Amino acid sequence: MNLEDRILGIDLGTTYSVPAIIQDGVPTLVPVKGQHLLASVVGISPSGEVLVGAPARNQWVVAPERTIRSIKRKMGKGETVTMAGKTYTPQEISAFILKEIKEGVEAELGHPVRRAVITVPAYFNEVQRQATLEAGEIAGLTVERIINEPTASALAYGYGLKSNQDLRMLVYDLGGGTFDVSIIELSNGVVDVLATAGDNYLGGDDFDERLAEQVANDFAKEHGADLRANHQAWARLLRAAEEAKIELSSAPYAMISLEYIAKDKKDRPLHIHREVARDEFVELIDDLLTRTITSVDKALADTNLKPTDIDRVLLVGGSTRIPAVWDMVSARMEQEPHIEIDPDAAVALGASVQAGIIAGEKIDTILVDVTPLSLGIEVADFGFTGRLQSDRFAPLIRRNTTVPVRKSQVFSTLYPGQEAIQIKVYQGESPIASQNILLGDFMVEDLKPNRPDGRSDVTVNFQLDVNAILDVAVTERKSGKRVSERLKADRQRLSPDEIAQSQARLAAAYEGGGTADLEIMDPGVTVLLDRAQMALDRPDLDGLLAAEIAGTIADIRRAAAEEDNEQVEEHCDHLIDLLLEVEE
Ligand code: ADP
Ligand code: MG
């Protein structure tokens with residue numbers, strides 16, 4: 001194919017726009033001036049120069065009257081905007097963005113690009129689609145097709161490439177300024193949008209604003225100055241809030257530092273140095289996240305579908321990187337959402353797949369490196385009942401997360417004055433830690449309390465690279481002291497025997513109903529169960545024997561929960577027999 005006939009896929013987003021193209025059969029993002037995400041912001045500098053992307057975004061801080069953001073919301077609405085004293089249509093503003101992309105991509109690929117596929121929200125009407133097409137033409141692009149964003153996301157995952165696939169999907173797209181949920185159906189190679197719901201004014205920008213509001217309120221209380229009154233101060237605070245928000249997706253704390261943000265009554269400079277905890281942030285946006293679930297419910301109701309009728313849930317849009325989003329969606333949909341593809345790249349990559357199909361290119365599905373099993377640590381807590389529940393698994397990195405990845409979370413010691421903790425790192429999906437694969441363990445000692453009740457907080461940080469090397473670091477909150485360990489999170493292949501063992505363990509986990517009942521057991525029984533667990537962990541254990549042992553463990557747990565001592569004893573006797581067989 002003639003290089004100039006290649007077709008570019010473009011995600012023309014409300015806050016960020018992203019181009020992608022098929023390179024050697026593989027959907028690939030193309031950087032524009034070195035950046036994969038181009039801020040959808042346009043401005044005219046004081047010297048009359050057109051600014052697009054990050055420079056325009058920076059200018060918005062100092063000169064909002066010369067700068068336009070979120071133009072996508074105005075597409076096809078018959079309104080115009082004023083930028084540096086001149087009037088423009090939304091198509092024209094969008095065309096500035098598309099032209100920047102076209103030229104940036106041409107510079108990167110080294111040949112002219114004329115044709116494009118552009119994505120739009122599924123709910124866009126014909127006028128809005130037409131306006132998008134016109135924007136492309138103004139920018140000098142032949143728009144081969146306008147496709148729906150959820151359809152593009154599905155294509156990015158390779159769904160819909162085979163015509164014999166029948167799948168129902170829910171695409172949850174939480175971007176910067178908008179939230180869309182779509183239910184789409186693939187059948188016989190045709191994609192149908194069954195329902196869309198969402199909120200045109202809900203997204204990451206609102207989260208930034210909530211956080212900035214909180215900081216501004218605290219600042220007003222302390223210094224009596226309102227940061228919202230000064231556009232520049234407010235814009236700087238919003239930027240800092242966004243950075244903190246992004247940091248909080250992988251870390252439990254983030255710092256907002258702004259020097260010279262205001263002046264006091266005596267004209268002395270005032271600064272902000274404030275730490276934000278993830279929990280505090282999640283609290284601030286909780287009602288907004290709940291609203292997205294209301295939209296999910298609406299889309300399901302509109303199609304008369306239950307969560308279990310949905311074959312795949314896809315999370316797309318940069319804001320779905322917030323861990324609380326994953327939690328809420330998986331709880332509501334009763335399944336693990338797919339996050340293998342970068343949420344801010346999925347739409348663009350899917351657009352490039354569609355573009356490649358039109359251009360007649362051979363397309364391989366996107367290769368992504370994901371971690372096949374969840375990684376986490378063992379924890380204990382005093383559940384609802386106040387009874388100690390130990391041996392629980394707290395995953396930090398979920399399975400199917402793209403690598404490399406970094407995640408951290410805060411944990412606290414159980415008792416006041418507790419000075420040491422043992423960090424046991426496991427890999428697996430069982431809610432019972434010891435039923436997963438132990439990757440390693442180490443001690444953290446001499447802990448100093450930081451809480452009023454005498455307990456200590458530590459931040460546990462997991463960093464997983466493409467070679468499955470896992471770096472675990474534990475940082476003490478009080479002193480910042482850090483202990484770290486390097487482990488290998490091998491993705492070894494399991495033998496059929498090992499798979500049978502794991503299945504048995506999983507079955508036991510479900511039947512046992514968690515760990516809550518363990519404490520009421522006789523210590524002798526607990527020791528026996530520990531021994532059985534060790535036997536189950538032996539790599540050479542025969543699959544059938546493993547299943548039998550796991551089943552017996554479950555029987556003991558159940559009998560113990562029912563406080564049926566006779567049954568407990570009977571099953572224990574059987575377990576002893578089985579263990580003798582193993583230990584022979
Ligand atoms: P749109 O489709 O609206 O143009 P995107 O899908 O690119 O937007 O999402 C942009 C939003 O995602 C922004 O609000 C940005 O702050 C947010 N975002 C990006 N990365 C993260 C992250 N790691 N954690 C939380 N929010 C993020
Ligand atoms: Mg988007």
*asked:* Test of understanding: what is the full-extension gain from K298 to D573, defined as 0.36 nm times their sequence separation minus their Cα-Cα distance?
replied: 93.6 nm
_So if the hydrodynamic radius of the chain is defined as the Kirkwood radius over C-alpha pairs, what does Stokes-Einstein give as its diffusion coefficient at 20 °C and 1.002 mPa s, in µm² per second?_
80
*Run the dipole for the chain about the Cα centre, Lys and Arg Cβ at +1, Asp and Glu Cβ at -1, nothing else charged, and hand back the magnitude in debye, nearest 20.*
3340
*What relative contact order, as a whole-number percentage, does the range 523-583 give when Cα pairs under 8 Å and 6 or more residues apart are counted?*
38
*Assuming R0 = 60 Å, what is the FRET efficiency of L109 and A220, from their Cβ-Cβ distance, to the nearest 0.05?*
0.75
*Kindly write out, for the range 564-574 in residue order, the coupling ³J(HN,Hα) from the Karplus curve 6.51 cos²θ - 1.76 cosθ + 1.60 (θ = phi - 60°), rounded to whole Hz, with x marking Gly and Pro.*
9, 5, 4, 4, 4, 4, 4, 5, 5, 4, 4
*Amide H neighbours of K481 under 5 Å, at least 5 residues apart or on other chains, H built in the peptide plane: list them.*
E476
*Hey, which lysines would be in cross-link range of K478, C-alpha to C-alpha under 24 Å, not counting anything within fewer than 8 residues on its own chain?*
K245, K407, K424, K448
*Would you work out the relative contact order for the chain, in percent, from Cα pairs under 8 angstrom that are 6 or more residues apart?*
11
_Going Cα to Cα from K102, which lysines come in below 30 Å? Please leave out same-chain ones fewer than 8 positions away._
K33, K72, K74, K77, K86, K362
*Kindly provide the helix-only [θ] at 222 nm of the chain, computed as the sum of -39,500 (n - 2.57) over DSSP H runs of four or more divided by all residues, to the nearest 500 deg cm²/dmol?*
-12000 deg cm²/dmol
*Apply the Karplus parameterisation 6.51 cos²θ - 1.76 cosθ + 1.60, with θ equal to phi minus 60°, to every residue of the range 258-266 and state each ³J(HN,Hα) to the nearest whole Hz, in sequence, with x for glycine and proline.*
9, 7, 6, 7, 7, 10, 7, 5, 8
*asked:* Using amide H atoms built in the peptide plane, which far-off residues or other-chain residues are under 5 Å from L202 H to H?
replied: T178, F179
*Amide hydrogen neighbours beyond the local backbone of R115, cut-off 5 Å, H modeled*: L8, T142
_Candidate lysines for bridging to K265, where Cα separation is under 22 Å - those fewer than 8 sequence places away on the same chain excluded_ = K221
_Cα-centre dipole for the range 197-284 with unit charges at Cβ (Lys and Arg positive, Asp and Glu negative), debye to 20_ = 480
*Loop sites in the range 417-461: GluC sites (Glu not before Pro), DSSP, at most 12 other Cβ within 10 Å*: E445
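Each reported figure results from applying straightforward, stated rules to the coordinates on display, with no laboratory input. In this text, all values refer to a predicted model and were calculated from it rather than measured experimentally. Neighbour counts are summed over all protein chains in view; Cβ atoms, including those assigned to glycine, are modelled from backbone coordinates with ideal geometry.
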